1. Accessible area per residue of the chain at 1.4 Å probe, in Å²?
2. Taking amide H positions as placed 1.01 Å from N in the peptide plane, with prolines and chain starts having none, which residues 5 or more places from Y317, or on another chain, fall under 5 Å of its amide H?
3. Got a sec to turn the phi values of segment 136-141 into Karplus ³J(HN,Hα) couplings, 6.51 cos²θ - 1.76 cosθ + 1.60 with θ = phi - 60°, whole Hz, x for Gly and Pro?
4. What accessible surface, in Å², does a 1.4 Å probe find on D415, ignoring ligands, DNA and RNA and rounding to the nearest 10?
5. With a 10 Å radius around each residue's Cβ, average the other Cβ atoms per peptide and rank 164-171, 182-189, highest first.
6. Note down the relative contact order for segment 60-141 as a percent, whole number, built from C-alpha pairs under 8 angstrom at least six residues apart.
7. With all protein chains present and a 1.4 Å probe, how do V293, V118 order by accessible area, largest first?
8. How much length would be gained if the chain were fully extended between Q422 and E195, taking 0.36 nm per residue of separation minus their Cα-Cα distance, in nm to one decimal?
Amino acid sequence: MASITMDTRCVQAGYRPTNGEPRQVPIFQSTTFKYDSSAEMGKLFDLEASGYFYTRLQNPTNDIVAAKIRNLEGGSMAMLTSSGQAANFFAMFNICEAGGHMVVSSSIYGGTFNLIAVTMAKMGIETTFVSPDCTEDELNAAFKENTKLVFGETIANPALSVLDIDKFAKAAHAHGVPLIIDNTFPTPVNCRPIEWGADIVTHSTTKYMDGHGAAVGGAIVDAGRFDWMAHADKFPGLTTPDDSYHGIVYAEKFGKEGAFITKATAQLMRDFGCIQSPQNAFLLNLGLESLHVRMPKHVENGQAVAEFLKNHEKVEYVTYPGLPGDKYHDLAKKYLPNGGCGVVSFCIKGGRPAAEKFMGALQICAIETHVADARSCCLNPATSTHRQLTDEQLEAAGIPAGLIRISCGLEGKEDLINDISQAFEAI
Ligand SMILES: *Cc1c(COP(=O)(O)O)cnc(C)c1O
């Protein structure tokens, strides 16, 4: 059969019921699985046979949904996690332990920044943050003897900068380490980082993949291309025996295609237990079935709202990579030819008081700490997530008091624009 389109894969990948089986993905709502003999179950514990024994490690519903996401990203193997935070932590910690070093784009989600700069630092993992706009020389200069990975976001939340994935992949590979890309905002419908050289792709499935504000979740996809054995001294966790699994060497036993996810499941999921509930995996799959229909609509609404805001007299500036003239427009044309996402940020004239009045007057767009939902929502960091900062501190952090982030949902774009327009009149 000819190669199958993204549309069909969003709907059907990961699950092909045979004669008489349920058409919809079954929810395996069971903590455990039954075996006829201890010997058979023993093989699973030794990773000698594949199968299920306890849902903290693996569950068939989760594996079906992970297989769909693996297919959409074009990877070799994938796993679900309880949240996007868990996905990014597992992806990094799987290959970078105490004494290791990471090179990370400074333009990333605040939760991920805290994870890396505070919590992973306490675990003895050091990080050098680099601007996504750095030159190749500046990027190369950030690497050290003990660097284990490079990390960035395709479209950063909330800065909306677009990462030059190709530049970051080349630098990572020149130093013998993999590139991990958080592809939450564009989703594989709008960008597939593996095609640009990424080795591992992560997601907060809480966002567009679920898309209905129903279930927190995460995913990790391995491209299956990174040659751990060729850099064996850097990645002993994958290339030397694991004593907690009878001396298995993951990279030898499961190869480039399977080593990374098998280790993350067998060690990290076993020990940290950040499993997604099968019920949430089912809800996530419902979201994925319409991802290819929803993303173009989010982009259409984001583009229309960004263009409206750009021409409005009460707006200082708009940030949206889809706008000609945006700092990241050229990178967006390269990596996101069909558009990026529905999130737009803009600075309202008049600072905090104007932002508060404007948001209070919105009828359709709700005030929420969330993005990427079917329902439009907005947030003013100065009066919510960053309210402890003074106007001067906000300015220094690149988050002026009047900055508003709007996540355009799936409503009619005329209605969103009319809503925004009447809210400006209320100021
Ligand atoms: C929300 C988000 C996360 C964290 O995901 P949770 O599911 O909230 O844990 C990570 N990365 C990006 C880009 C995000 O937007």
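The values are calculated or read from the model by the stated rules, or taken from the named source; none is laboratory data. Source: prediction; values computed, not measured. Virtual Cβ from ideal backbone geometry, glycine too; neighbours counted across all protein chains shown. The area values use the complete protein model at the heavy-atom level, side chains included, leaving out ligands, DNA and RNA. Shrake-Rupley method; radii C 1.70, N 1.55, O 1.52, S 1.80 Å.
1. That works out to 42 Å² for each residue.
2. C347
3. Rounded to whole hertz, the list is 4, 5, 5, 5, 4, 6.
4. 80
5. Numbers: 164-171: 20.9, 182-189: 27.2.
In decreasing order of mean packing, 164-171, 182-189 become 182-189, 164-171.
6. So the answer I get is 24 percent.
7. Working: V293 95, V118 70 Å².
Listed by decreasing accessible area, they come as V293, V118.
8. That pair, Q422 and E195, stretches by 77.4 nm at full extension.
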